[in-house]
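Some notes on the structure that comes next.
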Amino acid sequence: MAELANCQKCGAVFVKNIHSICRSCYEEEERCFQKVNQFLRKRENRSATKQEVVDGTGVSYDMVQTLIRKGRLQLRHFPNLYNICERCKQRTKEPWICHSCREEMKRDLANSEQQSKPAKRIDGEQRSSYRLQETLHKKNE
């Protein structure tokens, strides 16, 4: 069944599909991506900074940032393009979180899972023995 949603960019109501933005905003984003991609494909522009991309394409700084965040631009191919890690605020070539923060978060998650594991489970024979002892104890009271 179709789900109605508001576009995250323009607020228009649209039938939600795989994108969280309406068709017109998606098409605009795609046009911007094509401009940026064509600009960066030229050998002389591969070392451009974000501001140089903005100046050379006419695409807004926020849109370039959006394309980076969505992973549409592969930063490892462009030495002067980077993102800011959401956690430590350092420059990174990753879309949201730098590699070291991601590894740290994985370790923290693994540690918290280890700490929250339930106590050793009792096998069936021990469980029935326990129940029998509990029943006898209740009768003796």
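Just so you know, all these numbers are worked out from the coordinates, no wet-lab data involved. Everything numeric in this text was worked out from a predicted model, so none of it was measured. With ideal geometry, Cβ positions are generated from the backbone for all residues, glycine too; neighbour counts draw on all protein chains shown.
Based only on other Cβ atoms within 10 Å, what is the fewest-to-most ordering of SER112, SER20?
Values: SER112 9, SER20 14.
The order, fewest Cβ neighbours first, is SER112, SER20.
Extension gain for GLU3 to GLN90 (0.36 nm times residue separation, less C-alpha to C-alpha distance): 27.5 nm. Looking at region 1-78, none of the chymotrypsin sites (Phe, Trp or Tyr not before Pro) sits in a DSSP loop with at most 10 other Cβ atoms within 10 Å of its own Cβ.
Could you put ILE21, ILE68 in order, starting from the residue whose Cβ has the fewest other Cβ atoms within 10 Å? If you can, show how the numbers build up before the last one.
Details: ILE21 19, ILE68 23.
The most exposed by this proxy come first: ILE21, ILE68.
Maximal additional length on extending the ARG102-GLN115 stretch stands at 2.7 nm, based on 0.36 nm per residue less the C-alpha distance.
Spin-label model, SER47 to ARG72: label points 7 Å out along the Cα-to-beta-carbon direction sit 2.7 nm apart.
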